[in-house]
Amino acid sequence: MAAVRSVRFSSDGQFLVVAEAADFVHVCNTKLNYENRQEIDLFGEMAGVSLSSDDERLYIGVPNWIYSSLLQYNKRHRVGDMNKALMATHIWSLLTNRESLWVKWIHSYRIRGRNFWDVPIKNNVTWSWRKMLNLRPGLRDHMWVKLGDGTSTSVWFDRWDVVCPISSFISPRSIANAGLSLNARVADMCVNGDWSWPGTWITRFPTLMNLQKPVLEPLKQDKLIWFTSSSRDMDFSTSTAWEDLRYSQQEVQWANLVWFPQAIPRHAFLMWLLVLKKLKTQDVMSRWWVPIRTNTCFLSVM
């Protein structure tokens, strides 16, 4: 690496962007010991780099006197999204206690009697386990519990109502000071069809008033469900998780014009560039270099 012109970190600290004085921009993954690196070759002087507030776009300034510009690179998500969906499958196995030696080992040596949503991230854990724990914020809105008898659902950490998890506004210290267990179940806090919170909690934590009254069914077990982005509850599948977790944008009106079953890939690609106004036509190239004659074929000039 030559002299460095600009250095930027992503907001979560996962990516380090380093721009040399000329030609190269390096994007390093800090969580993989800087071994996973992407190199962008621009062949020109650099003015600097910057990231958007959501880390979805990388901007590179090019100060060349002929074709000075601000280049934008968008973050790719496809492989990462599939990895998230596959990791979600493992987490689903842990939460449902699927019959597996791996599940038993994780419960014995990683979770150790705690709730999965409450397990801390320690410095000496493996990369794969850390990755699963880091996925929890993005999965909470999708992994709900449909209450049955309420005996296997954590009243503090599981999501079984719209205001849950309760641990998001009541700290473990407050729970312990009230003489309650962190392992308490929903059924433990229900008496005669109503909640039995400590006397001062309704005043201290008014959000508890928004909880629906418990309707427990003694003959029915609690069930973990996948709550989709379209507000439907359904059984879990990797494809469903991928659909909800992947980075997506609204479909453009011209999608069927470019991509259709009988399309020739080369023609579809050129049409895609044309619609986005990225095709290297003379009017586009005239903005890069010294203006060329529009009545002359550029290839014949070469």
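The values are calculated or read from the model by the stated rules, or taken from the named source; none is laboratory data. Worth saying up front: this structure is predicted, and the values here are computed from it rather than measured. Reconstructed Cβ throughout: ideal geometry from the backbone, glycine too, with neighbour counts over all protein chains shown.
What the table shows:
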{"item": "Matching entry among Val163, Val215 (being in contact (Cβ under 8 Å) with a residue 40 or more places away in the chain and exposed (fewer than 12 other Cβ atoms within 10 Å of the Cβ))", "result": "Val215"}
{"item": "Given (1) in contact (Cβ under 8 Å) with a residue 24 or more places away in the chain; (2) surrounded by 12 or more Cβ atoms within 10 Å (Cβ to Cβ), index of the condition Ser11 fails", "result": "(2)"}
{"item": "Wholly within segment 186-302, helices (runs of 4 or more DSSP H) carrying at least 2 residues that are at pLDDT 85 or above and within 28 Å of Gly80 (Cα to Cα)", "result": "238-245, 255-258, 265-275"}
{"item": "Hits in segment 93-142 (condition: among the aromatic types (Phe, Trp, Tyr) and touching a Lys or Arg at 6+ places or on another chain (Cβ under 9 Å))", "result": "Phe116, Trp117, Trp127, Trp129"}
{"item": "All positions within segment 93-113 that are within 15 Å of Asp158 (Cβ to Cβ) and without any contact (Cβ under 8 Å) to a residue 60 or more places away in the chain", "result": "Leu94, Asn97, Ile111"}
{"item": "Enumeration of residues in segment 201-260 that are of a type in the set (A, V, I, L, M, F, W, C) and more than 30 Å from Ser171 (Cβ to Cβ)", "result": "Leu219, Met234, Phe236, Ala241, Trp242, Val252, Trp254, Ala255, Leu257, Val258, Trp259, Phe260"}
